[in-house]
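Asker: What follows is a single structure, and I will ask about it in a moment.
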Amino acid sequence: MGRGARAEMETACSKVRSPDRVASRSVEPSAARLRPLEPGDVDSLIRWVNDAAVALYLSQAVAYPASESDGFRWLEALSRSHTDRVFAIETLEGRLIGSIGLHAIRWIDRKAELAVMIGERDCWNRGYGTWAVRETLRLGFEEMSLQRIYLRVASDHEVAIRLYRKCGFQPEGLLRKDRYVGRGYGDTLMMSVLKEESAAGESGARTP
């Protein structure tokens, strides 16, 4: 990595505060669960994707559907995929609040790309994202025998970067002008966590 790129990455990472300063009001591990996505989830998925505030930082790992017909085709394709594993995130009361998945799974290399979306705005900053990421890391490392899980995040999305660092992800590099946002381009921070580094063991979550 050249000096210029390294400096830009260090600048992006320096904006990230320590995980222990993340807003508290977090949920208990037993207050949510993962389950397979169902056709009845399509309306919520479409509503979230078409919400500008939710869509602003959607992961580039997923081509989310934008219409109902797209949504059903998307679910059907996921059901046949050997390289994607996607879950709904719901409260124990049965309220669907988001989705999370492992994508571009390479079974020989034992790696996958993580993407998460908390679509219900009143559930932001309440710990659901942290819980879901930790539980998905547990699934990936313990049940799928993955060695490496990585992700892409906008370099200015400090809340998400703090969350990922809290879950054990470490920055790897900066993709400059990688995303078109509004009227200009933004940088993308690459992060990853290895099986031996994962903090997923802290999760006591329930799974399907």
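Asker: Contour minus end-to-end for Gln147 and Ala31, with contour as 0.36 nm per residue of separation and end-to-end as the Cα-Cα distance? Don't skip to the end; give the middle numbers.
Answerer: Values: separation 116, 0.36 × 116 = 41.76 nm, distance 2.80 nm.
Taking 0.36 nm per residue and subtracting the Cα distance, the gain is 39.0 nm.
Asker: How high is the relative contact order of region 45-142, given as a whole-number percent (alpha carbon pairs under 8 Å, six or more residues apart)? Intermediate results must be reported in sequence, preceding the final value.
Answerer: Details: 121 pairs, mean separation 21.8, N = 98.
After rounding, I find 22 percent.
Asker: How do 175-186, 69-80 rank on mean C-beta neighbours within 10 Å, highest first?
Answerer: On the way: 175-186: 11.7, 69-80: 14.1.
In descending order of packing, they fall as 69-80, 175-186.
Asker: Rounded to two decimal places and with Rh computed the Kirkwood way over Cα pairs, what is Rg over Rh for region 54-208?
Answerer: Working: Rg = 15.2 Å, Rh = 16.2 Å.
My calculation puts Rg/Rh at 0.94.
Asker: Could you tally the net charge around Ile149, taking each other residue with its Cβ under 15 Å from the Cβ of Ile149, Lys/Arg +1 and Asp/Glu -1? The partial results should precede the final answer.
Answerer: Details: positive: Arg85, Arg106, Arg110, Lys111, Arg134, Arg138, Arg148, Arg152, Arg165, Lys166, Lys195; negative: Asp84, Asp109, Glu113, Glu135, Glu142, Glu143, Glu172, Glu196, Glu197.
My count for the surroundings of Ile149 gives +2.
Asker: Could you give the length gained by full extension between Asp43 and Tyr180, i.e. 0.36 nm per residue of separation minus their alpha carbon distance, to one decimal place? Provide the component values of the computation, followed by the final result.
Answerer: Numbers: separation 137, 0.36 × 137 = 49.32 nm, distance 2.66 nm.
Once the chain is fully extended between Asp43 and Tyr180, it gains 46.7 nm.
Asker: Students often check this: by mean Cβ neighbours within 10 Å, which of 149-156, 119-126 ranks highest, and how do the rest follow? Mind dumping the intermediate values first?
Answerer: Details: 149-156: 21.2, 119-126: 15.9.
Listed from highest to lowest mean packing, they are 149-156, 119-126.
Asker: Based on the Cβ-Cβ distance of Thr91 and Ser69, what FRET efficiency does E = 1/(1 + (r/R0)^6) give at R0 = 25 Å, to the nearest 0.05?
Answerer: Calculated transfer efficiency: 0.30.
Asker: Ok, one more. Which order do peptides 41-53, 134-146 fall in by mean Cβ count within 10 Å, highest first?
Answerer: Numbers: 41-53: 15.5, 134-146: 20.0.
Per-residue mean Cβ counts within 10 Å order the peptides as 134-146, 41-53.
Bear in mind that the values in this text are calculations on the coordinates, not laboratory data. Everything numeric in this text was worked out from a predicted model, so none of it was measured. Glycine gets a Cβ as well: all are built from the backbone with ideal geometry, and neighbour counts include every protein chain shown.
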